[in-house]
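K.L.:
One structure, as structure tokens, below. Some questions next.
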Amino acid sequence: MSRLVLLVLTLWAKQVLSYTPMLPMDFSEINLPSEHLQYYFSAFPSAAQQCHIDDKCPYKMALNAQKYWGYTNNSGRYSTPECTGWGQEKRDNAEQFYREGDFGFIKQQLAELTQLCSPFTETGGSSLHCTDHLRYCRGSELMLNFTKLSSVEEPFRYNMSVLSDSGIGGYCEPLRDEFLERSDHVSALQSWGPELRYFTQLTKTPRELCDIVITKPTYLMKIDATFNMYHHFCDFFNLYASQHMNQHLGHNAFSTDVHMLIWETFDYRSPFRDTWEAFTDYPLWDLKTFRGRTVCFENVILPLLPRMVFGLYYNTPLTRGCRNSGLFHAFSKHILHRLQVPVYPRLPRKIRVTLLCRDTKYRRILNEDELFEAINENEAYQATRVVFNANIPFKQQLKISANTDVLVGIHGAGLTHLLFLPDWATVFELYNCEDHNCYSDLARLRGVNYITWRDKLMLFPDREIGNSGEADAKFKNYAFDVGVFKGLLKEAAGLVMNHTKFIAAGRKFEHEEL
């Protein structure tokens, strides 16, 4: 055999031996809204390649679109914020808003990711990567020691001492100075500093020390108030944002084949429990699940948190005059799709007005019947009156809000439903109770229009608690002048009817009827 032939055969053999076959994808597990598929395949070229060569892939039309979420490529990105102003100042404000509350925030977090613990060998060991301030981290082959929880009898949440010395560690070399520099936001819901300050270099691989090994990716969830929609959806929103950080999981970044471990020992209860179906296929875990055990996680994610300094969306600083975050828009569509909430074709005949009422002690609408009658008097409106409480399943609530054009309600967590309104909708916060920015900012982030009561002389409180003054505005009930209400509702409906997407939906309906 000639040397040339021998050389060719040798090179061919090396290629065969080094070749790793591409594992087939189950395309049914992607489960994303149709308008998100192009961005997904652009983000994960290997998934696009498999779809391209697989005759059974149903997403051929979503390939080669050159559309990007906005954190890996600035061209063709998901959305552009809308800002008032002119010229360079307008463009600068749009970019600042993009960094504050849009996919630009994800881009910044990805840029900050640093390896804080390096595996001892190329073929084995643990690793840990975190952003600045330890707001998001992801680790592999990490050990968490929950043995001391056996002696804790009282249930707890927001506990910053779940892990003590040697309570978390890996078979890797931690960068102590980097840990110290990033451990500056040590607060229960602001960072993972309270947990990672105990990170320890192990002398053995975690699997030699653990009672249990979890092989599926697992999210540790430090969550806010579970009975308040505004606060709990800050948890869900940051969980969704964290999925965009999961570049290490490749095309499984949005997979529901993952576990959720809630970082407390209270039994989880929430009227919004159904929302977890958008993120996991499995029952929720809490710290009681592993009390007294040492647990190894093959892949663990410490997601973005609900009360981060300058985070999303509880403490978001927003550039004046800007609105419409693509990240919030994508979250809305993602949740509605995953929970299979029906969104009906827009019929242009009537404006769908939903009056959101409260059955709480304070901030009730005293002349609720009058206002609802005023809505019904106008033949241009289709009126619905609801109380979003435990008597209405949450998916049913979402069905109502997702098919509403004007959402009317007094200041309260129920207005968080504005996240799931159609793009052309208007939020009419009857009275903001002197909390001027809460829901107006959330509406700006979501990209829907917002109005509120302007003339305080035309609203009438019936009682107050404590000293008089603006600080007590949330502890009163109110009646509203019906004439002023009609005028503001007409304004809200006008914003809907003049919205380009509303007009387009009407044209589509007329075309389909023909």
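The values are calculated or read from the model by the stated rules, or taken from the named source; none is laboratory data. All values reported here derive from a predicted model rather than from experimental measurement. Using ideal geometry, Cβ is built from the backbone for each residue, glycine included, and neighbour counts are taken over all protein chains shown. The area values use the complete protein model at the heavy-atom level, side chains included, leaving out ligands, DNA and RNA. Shrake-Rupley method; radii C 1.70, N 1.55, O 1.52, S 1.80 Å.
K.L.:
Subtract the Cα-Cα distance of E368 and N74 from 0.36 nm times their separation in residues, and report this length gain in nm to one decimal.
P.N.:
Separation in residues times 0.36 nm, less the Cα-Cα distance, equals 101.0 nm.
K.L.:
Run the 1.4 Å probe and let me know the accessible area of K204, rounded to the nearest 10 Å².
P.N.:
So the heavy atoms of K204 present about 100 Å² to solvent.
K.L.:
Viscosity 1.002 mPa s, temperature 20 °C: what is the translational diffusion coefficient of the stretch 14-171 from Stokes-Einstein with a Kirkwood Rh over Cα pairs, rounded to a whole number of µm²/s?
P.N.:
106
K.L.:
Show that you can apply the helix-only estimate: for the chain, add -39,500 (n - 2.57) for every DSSP H stretch of four or more residues, divide by all residues, and state [θ] at 222 nm to the nearest 500.
P.N.:
It lands at -9000 deg cm²/dmol.
K.L.:
Sticking with this structure for a sec: Where in the stretch 112-129 does the amide nitrogen come within less than 17 Å of the point 7 Å from the Cα of E173, taken along Cα to Cβ?
P.N.:
115-129
K.L.:
Could you tell me the accessible area of D92 in Å² (1.4 Å probe, neighbours in place), rounded to the nearest ten?
P.N.:
Per-residue accessible area (D92): approximately 80 Å².
K.L.:
Now for a different question. Compute the distance in nm between two label points, each set 7 Å from the Cα along the Cα-to-Cβ direction, one at K288 and one at N31.
P.N.:
With each label point 7 Å from Cα toward Cβ, the separation is 2.6 nm.
K.L.:
How much accessible area does D267 have with a 1.4 Å probe, in Å² rounded to the nearest 10?
P.N.:
Number for this one is 80 Å².
K.L.:
Give the shape of the stretch 268-375 as rounded, prolate or oblate, defined through the alpha-carbon gyration tensor: a ≥ b ≥ c are the square roots of its eigenvalues, a/c under 1.5 means rounded, and otherwise the shape is prolate if a/b is larger than b/c and oblate if not.
P.N.:
It is prolate, given that a/c is not under 1.5 and a/b is the larger ratio.
K.L.:
Hey, got the dipole for the chain? About the Cα centre, +1 on K and R Cβ, -1 on D and E Cβ, debye to the nearest 20?
P.N.:
700
K.L.:
For A225 and A390, compute 0.36 nm times the residue count separating them, minus their Cα-Cα distance, and round to one decimal in nm.
P.N.:
Length gained between A225 and A390: 57.8 nm.
K.L.:
Further question: Place a +1 charge on the Cβ of each Lys and Arg in the stretch 197-280 and a -1 charge on the Cβ of each Asp and Glu, then give the dipole magnitude about the Cα centre in debye, rounded to the nearest 20.
P.N.:
260
K.L.:
Carbon and sulfur: what percent of the chain's accessible surface (1.4 Å probe)?
P.N.:
That share works out to 51 percent.
K.L.:
In Å, what is the Rg of the alpha-carbon atoms in the stretch 143-273, and how long is Dmax?
P.N.:
For the stretch 143-273, the Cα-based Rg and Dmax read 15.9, 45 Å.
K.L.:
Please give, to one decimal in nm, the separation of the simple spin-label points placed at D435 and R91, each 7 Å out from Cα toward the Cβ.
P.N.:
3.9
K.L.:
OK, next. Sort the following peptides by mean Cβ neighbour count (other Cβ atoms within 10 Å, averaged over residues), highest first: 349-359, 93-103.
P.N.:
93-103, 349-359
K.L.:
Here is a further query. Return one whole number: the accessible area per residue of the chain in Å², for a 1.4 Å probe.
P.N.:
The answer is 47 Å² per residue.
K.L.:
Taking 0.36 nm per residue of sequence separation and subtracting the Cα-Cα distance, how much length would be gained by fully extending the chain between K361 and F460, in nm to one decimal?
P.N.:
Value of the extension gain: 34.0 nm.
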